[in-house]
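Presented below is the structure to which this report refers.
The values are calculated or read from the model by the stated rules, or taken from the named source; none is laboratory data. From a predicted model like this one, the values you see are computed outputs, not experimental measurements. As a convention, Cβ positions derive from the backbone with ideal geometry for all residues, glycine included, and neighbour counts pool all protein chains shown. Surface accessibility is based on the protein's heavy atoms, side chains included, excluding ligands, DNA and RNA. Shrake-Rupley method; radii C 1.70, N 1.55, O 1.52, S 1.80 Å.
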Amino acid sequence: MSESSQLGEGRRPRGALKSWVVRSVKRSVRWRPAHRLALELVVRTLPARPTYFESLLADPSHPKWSYRTRAIANLVGPFPDTVVRVLRNRASRRSSMLRLEDWALSTEFTGRWTESVGIREQQLAQSPSDVSVLYSLANAVQRNGTVGFRNDPIVGLTPSPVGDRERARRLLADAIELAPDSVLIQYALGRLELNAGNGKRAVEHLSLATMGTPSATWLLDLGRAYQRPEVSDFVKAAESYTRALQIEPNHSGALARLASVSVRTNDWREGWKTLASRQLSKDNTSEEMKVLIEDLERFLYESEEGQDPEDLVRRLAGLSRRGEAFERELIRQVSSRLQYLGKFELAFRVKDLIAQRVLFETRWLRRSHEHLLSRFSALAMLNRPHEILEMFQPHPWQARTELEELRFEKIKADAAFAMGDARPLARFAAEERSAHPLVGDRLMEDLITGRRVAIVGPSDLGEEHGAEIDSFDTVIRTRFSKEFVESNRVVGGVRTDISYYSSTDIGPFLDEAQAAVTKGHIRLAVTRPLAYSALSDRADVDSWLRFYRHEYCLHFLGSPLGIPRMIYDVLQFSPQEVKVFNTDLYTGNAAFAKGYRDAKDVSLTANSLLNDLFRSHDLRAEFSLFKTLRDNAVISTAGRLSSILELDPPGYLRLLERSNTFAR
């Protein structure tokens, strides 16, 4: 019997693996005790895939075999404390570069980044022109830092160490001067600039890093950089995601982003071709599904004539009930395209199929918050938030960390919010503000708590609410523009205390927002927690820009729109009253009043923000949440919005189908 058949799936027994790895290492590099320690970790805990080690050890000329040690050790978890102590003692006896490297890696495996920075600085003192040391020190200083905040997908901004990004930038700049052709350093610089919100600089470095044979992840980051507001080159972004899928066809992130970009650019057919080909290439795709894909393509992208969309959706639903394994992004694209074509009722019947499939796939709970959130957001989208609260009697599992407990409490608060009760959310938010205050929290409390608040949308519905809006204690608007407010004073009033900016708008409008605060036109600018990483370390935003802490986490396949986000944030501060003006939930003649957005963003043209409504947001869910909050007296509404909220969700979708907002 062959060795591979004895082991099963090409795995070697532990003893054979140990001797094989030791022989491979001795052939390629100078043997050191640190290598033996790393390999002992491997052979104690695996059988490992020999083919992986063969590729790992294939390049004997690699300048630092310790990187290979890092990769091996990452397979088996952190170094035990005993190994760390051994390496520290060896390094203290003879502070050679190699021994310091082993010691530094061992501290990094165990998360001791402060200690790692000290060791890397010793290396830099010994060899100030060593590119690998500059690179490693830059990585360490980004991981080591004082207490800051990071954006958790459920809780929002939570305390987390924040490294020294500026020093890392200087170190990497020094490294790239010494090794201008290093794709690894170009990528590190590109990632740093991407995280700092510098899209143009990120594109510059990531483009150089991906010129050769990059990984799919590197190309994904390049696509993200092209999508930054200051770049907005969606064609180049699509090219990057296409290249990523050529390298790694099952990369879910690249697939989702390519589909999203194809919607934004109105290049629907390109996204459809990629998604459909993936579905058709699956061995378990039925002949009936293949025929349906062809029929859907003809209806959605060629001609609506000769096809009954009701029949197409019924056939899709029938296949779903029978367990057809469809590509989720493909069905999501069907829903988005149907919305674009103005068939909203059918579109959301298709989207319901995705939510129902998610519920089926997550029927057995795993100890994973991603798994849990996927199930709960599907329940919320299907208007079943009460089932979420039932699953917390008791918790799905025992929380092991403070963050895990916070996640549970936040999900419960959001489930109650979806049912029209904002009090649990307000209590949760107040406790977090007290424990971990952020810039702007105190001013926000002064402006909101116990006060009457008007939230003013950017639409002109021909309703003269200006005097009533100005009578409120606090007036909040989206993306403040003095000229726009003055020109719409009859319908929207003239006062503004707080202005909210989307993560897309805050970068391009940062200087205008700061000027508005400085001149006293507004008292506070507010933006999403997504922008925290890019803007929080800028000294010029320290006092006037607030990053709101929490976002509604039960939104299925996307994120809430601007005004629902504002309502959600304001209600965390327990206002006396919240009243919403000047929005018709896209059921009128135009999405925005004249002058609020650029011409390209007021119709369904290439690169228009309106295109994102069909892919990144959920109009029916927004309507349902508005209606629930209004019906439970959490908010009140004015004018046309009040009459719209008397409808049920199907009635709202039929109203959308008659709207001129999405006229093509």
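Annotations for the structure displayed:
- Percent carbon-and-sulfur accessible area, the chain, ignoring ligands, DNA and RNA, probe 1.4 Å: 49 percent
- Estimated dipole of the chain in Debye, rounded to 20 [Cβ of Lys and Arg +1, of Asp and Glu -1, Cα centre]: 2840 debye
- Counted over all Cα-Cα pairs of region 289-363, pairs farther apart than 21 Å make up 19 percent.
- Cut-off under 5 Å, modelled amide H: who pairs with residue 578 long-range: 453, 636
- Looking at region 146-279, the pairs of alpha carbons with a distance over 19 Å make up 56% of the total.
- Checked against a 30 Å cut-off, the cross-linked pairs 351/627; 273/600; 343/627; 351/410; 412/579; 200/290 give Cα-Cα distances beyond that limit for 200/290.
- Toward the positive end of the charge dipole of region 326-442, with +1 on the Cβ of Lys and Arg and -1 on the Cβ of Asp and Glu, the farthest Cα among 356, 435, 373 is that of 356.
- Three-way shape call for region 447-595 based on the alpha-carbon gyration tensor, with the a/c threshold at 1.5: rounded
- Here the Karplus curve 6.51 cos²θ - 1.76 cosθ + 1.60, taken at θ = phi - 60°, turns the phi angles of region 472-486 into couplings of 6, 5, 9, 10, 10, 10, 8, 5, 4, 9, 4, 5, 5, 4, 4 Hz, with x standing for Gly and Pro.
- Its alpha carbons considered, region 526-652 gives a radius of gyration followed by a Dmax of 16.1, 49 Å.
- Size descriptor, Kirkwood hydrodynamic radius, that averages inverse alpha-carbon separations across region 412-452, Å: 11.2 Å
- Shape call, region 369-478: gyration tensor on alpha carbons, a/c limit 1.5: oblate
- Take 460-467, 323-330 and order them by the average number of nearby Cβ atoms within 10 Å per residue, most first; the result is 323-330, 460-467.
- With both residues required to sit in the chain, DSSP beta bridges show an antiparallel share near 30%.
- In terms of its C-alpha gyration tensor, region 225-298 comes out oblate, because a/c is 1.5 or above while a/b does not outweigh b/c.
- When the Cα positions of 602, 312, 504 are compared along the charge dipole of the chain, 504 comes out farthest toward the positive end, with charges on each C-beta of Lys, Arg, Asp and Glu.
- The mean of 1/r over all pairs of different alpha-carbon atoms in region 479-553, once inverted, gives a Kirkwood hydrodynamic radius of 12.9 Å.
- Fraction in percent of alpha-carbon pairs per bin - 20 Å, the chain: 16, 46, 32, 7, 0
- Per residue accessible area in Å² of region 527-637, where ligands, DNA and RNA are left out and the probe is 1.4 Å: 33 Å²
- Whole-number accessible area per residue in Å² for region 237-366, which is evaluated in the context of all protein chains at 1.4 Å: 45 Å²
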